[in-house]
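Chemist: Take a look at this one; I'll ask things after.
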Amino acid sequence: MNPILKLDNITKIYGGIRALNNVSMSFDMGEVHAIVGENGAGKSTLIKTISGAITPNNGEINIDGDSFTHLNPKLSKDLGVEVIYQEFNLIESLTAAENIFLGERFGYFVDYKLLADKAKEMFDKFKVNINPNSLVENLSPAQKQIVEILKAISRKAKIIIMDEPTAPLTNNEVESLFEIVEELKREKITVIYITHRLPEIFRIADRVSVLRDGEYIGTKPVKDTTVRELVKKMVGRDVMHRETNPDYTQKEVSLSIKNYSGNGLENISLDIHKGEILGLFGLVGAGRTELARLIYGVDKRLSGSTYINGENVNYRSTAKAIKLGIGMIPEDRKNDGCFLDNSISWNITISAIKELSNGPFINDKLNKEMYEKFSESLKIKASGPNQLVKNLSGGNQQKVVVAKTMIMDTDIIIFDEPTRGIDVGARQEIYELMLELAKNGKTILMISSDMEELLYMSNRILVMSEGVITGELKKNEFDREKILAMASEEHQGGN
């Protein structure tokens with residue numbers, strides 16, 4: 001089969017660093033071609049090269065028989081390339097139909113009814129239920145993504161690049177996306193699929209290519225490879241999973257909450273032991289994050305008691321929770337966990353600014369010691385303490401948030417979706433970090449919607465549905481179907 005897109009010896013150098021080094025790849029018409037690699041592997045640079053956002057230092061790009069040394073965004077679009085990024089490129093104040101056909105008039109004047117009718121035809125074809133006259137600001141992330149895809153199709157796209165398309169979606173929405181991708185294949189549209197979620201590749205892709213440190217490692221039909229083989233190629237070594245906390249035995253209870261209500265929750269009670277990783281699972285809207293916010297003092301509870309090491313503690317604020325030794329790694333690390341426009345050192349030490357200051361002045365020596373301590377123990381990959389957090393990979397940003405929590409000598413740590421958006425190598429490092437914390441007697445409440453992560457990391461699993469706990473499983477009782485059944489239970493009153 002003749003490829004619709006070929007990259008020959010593409011090289012891109014930034015300040016002496018080769019983001020791409022003589023990368024050659026090809027993409028066939030109508031295939032779903034996945035690209036995987038750790039953060040920093042070169043995936044983003046590859047996307048920008050194909051979309052014309054950057055000019056490579058060397059190499060050739062061939063699209064549908066036409067060769068170029070470089071592209072620009074307009075030329076790339078004219079050649080049929082569309083990119084759907086994680087941050088949607090939609091105008092929130094316009095309707096779905098207006099976004100899909102933005103810039104097209106179908107006559108001298110804009111015919112809004114015709115736009116809506118044409119959008120409806122597209123929605124019907126792809127079997128999605130969206131009102132074409134709905135404002136984009138009122139659509140869910142999944143619906144916005146569909147609008148982005150249909151906008152690309154309306155522009156006669158031949159190649160659609162999807163960058164982490166399932167990151168904001170629920171499980172049901174992911175299945176809907178996969179059905180749309182299958183329809184794109186039937187339309188002979190090539191989909192380049194960038195993802196950290198390796199199981200998705202085996203569900204949707206025809207072929208998969210691996211990048212590592214800017215180098216092209218290889219391409220295989222999906223049917224001829226395995227997750228383990230892909231991981232090994234991505235990180236350059238065999239990442240072996242091992243049983244969580246093999247030496248863990250149930251110790252004394254460090255955190256006990258009794259009859260928590262509020263924030264959409266009803267009479268929640270649970271105990272967590274020292275050295276334990278307690279997994280908390282639930283479908284969207286189950287109340288997992290709401291519970292975490294109550295424990296951490298972000299939101300106020302209507303009733304209930306908290307016991308730390310057996311002592312009844314009454315607190316109503318995050319500041320008091322921190323003083324009591326409770327820390328939280330939030331789900332949205334970029335908005336809630338760290339200050340992206342500040343340095344790594346500043347982010348790590350801001351929580352302990354009083355302890356690291358001599359009166360009104362910051363103790364620079366102590367500040368530096370804290371940075372060196374945590375950057376070494378957490379293996380934060382950075383150019384130095386003054387590097388801005390926004391320029392770090394997702395995994396290293398997560399480590400900064402962990403360091404910011406650990407500097408307060410936290411004993412009870414809530415990890416809310418600890419590895420969301422993190423590549424496989426950094427994910428394993430986060431796991432090792434959590435295991436080490438538990439081994440040292442820290443108490444961990446881990447909220448996760450990743451079933452593999454939940455089963456691998458947890459000593460026990462609690463399941464929530466509609467604001468209540470619907471089940472508990474010990475390690476020897478772990479079962480995917482049981483967990484999903486408990487997560488789907490309707491609340492009948494009580495726990």
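The values are calculated or read from the model by the stated rules, or taken from the named source; none is laboratory data. Computed from a predicted structure; not experimentally measured. Please note: Cβ atoms are built from the backbone with ideal geometry, for glycine as well, and neighbour counts cover all protein chains shown.
Quick grid of which residues meet (1) at pLDDT 90 or above; (2) touching a strand residue (DSSP E or B) at 6+ places or on another chain (Cβ under 7 Å); (3) under 20 Å from Ser176 (Cα atoms); (4) of a type in the set (Val, Ile, Thr):
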| site | (1), (2), (3), (4) |
| --- | --- |
| Tyr108 | no, no, no, no |
| Leu114 | no, no, no, no |
| Glu121 | yes, no, yes, no |
| Asn133 | yes, yes, no, no |
| Ala142 | no, no, yes, no |
| Ala157 | yes, yes, no, no |
| Glu164 | no, yes, yes, no |
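Chemist: Whether any residue in segment 422-437 is farther than 16 Å from Gly40 by Cβ, aromatic (Phe, Trp, Tyr) and part of a helix (DSSP H, G or I) is what I want to check.
Modeler: Scanning segment 422-437, I find at least one residue that is farther than 16 Å from Gly40 by Cβ, aromatic (Phe, Trp, Tyr) and part of a helix (DSSP H, G or I), so the answer is yes.
Chemist: Just one of Val128, Val110, Val136, Val174 is aliphatic (A, V, I, L, M), surrounded by 15 or more Cβ atoms within 10 Å (Cβ to Cβ), free of Cβ contacts under 8 Å to residues at least 40 places away in the same chain and more than 21 Å from Ser44 (Cβ to Cβ); which is it?
Modeler: On the way: Val128 fails: free of Cβ contacts under 8 Å to residues at least 40 places away in the same chain; Val110 fails: surrounded by 15 or more Cβ atoms within 10 Å (Cβ to Cβ); Val136 fails: free of Cβ contacts under 8 Å to residues at least 40 places away in the same chain.
Answer to the check: Val174.
Chemist: Tell me which of these Arg242 doesn't satisfy, since it passes every other one: (1) assigned to a helix (DSSP H, G or I); (2) at pLDDT below 90; (3) among the basic types (Lys, Arg).
Modeler: (1)
Chemist: Same structure, new question: Could you say whether any residue in segment 204-211 is touching an Asp or Glu at 6+ places or on another chain (Cβ under 7 Å) and either farther than 17 Å from Gly42 by Cβ or outside any loop (DSSP other than H, G, I, E, B) (or both)?
Modeler: Yes.
Chemist: Just the residues that are in a loop (DSSP other than H, G, I, E, B), touching an Asp or Glu at 6+ places or on another chain (Cβ under 7 Å) and either modelled with pLDDT of 95 or more or closer than 23 Å to Glu200 by Cα (or both), please, taken from segment 1-39.
Modeler: Looking only at segment 1-39, we keep the residues that are in a loop (DSSP other than H, G, I, E, B), and these are 1-2, 15-16, 29-31, 37-39.
Still in the list and also touching an Asp or Glu at 6+ places or on another chain (Cβ under 7 Å): 1, 31, 38-39.
Listed by number, the residues that qualify are Glu31, Glu38, Asn39.
Chemist: Evaluate segment 85-102: report whether one residue or more is modelled with pLDDT of 95 or more and assigned to a strand (DSSP E or B). Give the steps one after another, and end with the answer.
Modeler: Within segment 85-102, the subset modelled with pLDDT of 95 or more is none.
No, there is no match, as no residue in segment 85-102 is modelled with pLDDT of 95 or more and assigned to a strand (DSSP E or B).
Chemist: For the condition over 19 Å from Ile217 (Cβ atoms), out of contact with any helix residue (DSSP H, G or I) (no Cβ under 6 Å at 6 or more places or on another chain) and assigned by TED's automatic domain parsing to the domain that holds Ser209, what is the one hit in Lys77, Lys43? Steps first, please.
Modeler: Details: Lys43 fails: over 19 Å from Ile217 (Cβ atoms).
None of the other options fit; the residue is Lys77.
Chemist: Which of the numbered conditions does Asp66 fail, given that it passes all the others? Conditions: (1) surrounded by fewer than 20 Cβ atoms within 10 Å (Cβ to Cβ); (2) under 27 Å from the mean Cα position of the chain (by Cα).
Modeler: Only one criterion is unmet by Asp66, namely (2).
Chemist: Looking at segment 157-178, which of its residues are basic (Lys, Arg) and closer than 18 Å to Ala96 by Cα? Walk me through it before giving the result.
Modeler: Keep residues of segment 157-178 that are basic (Lys, Arg), which gives 158.
Passing the criteria: none in range.
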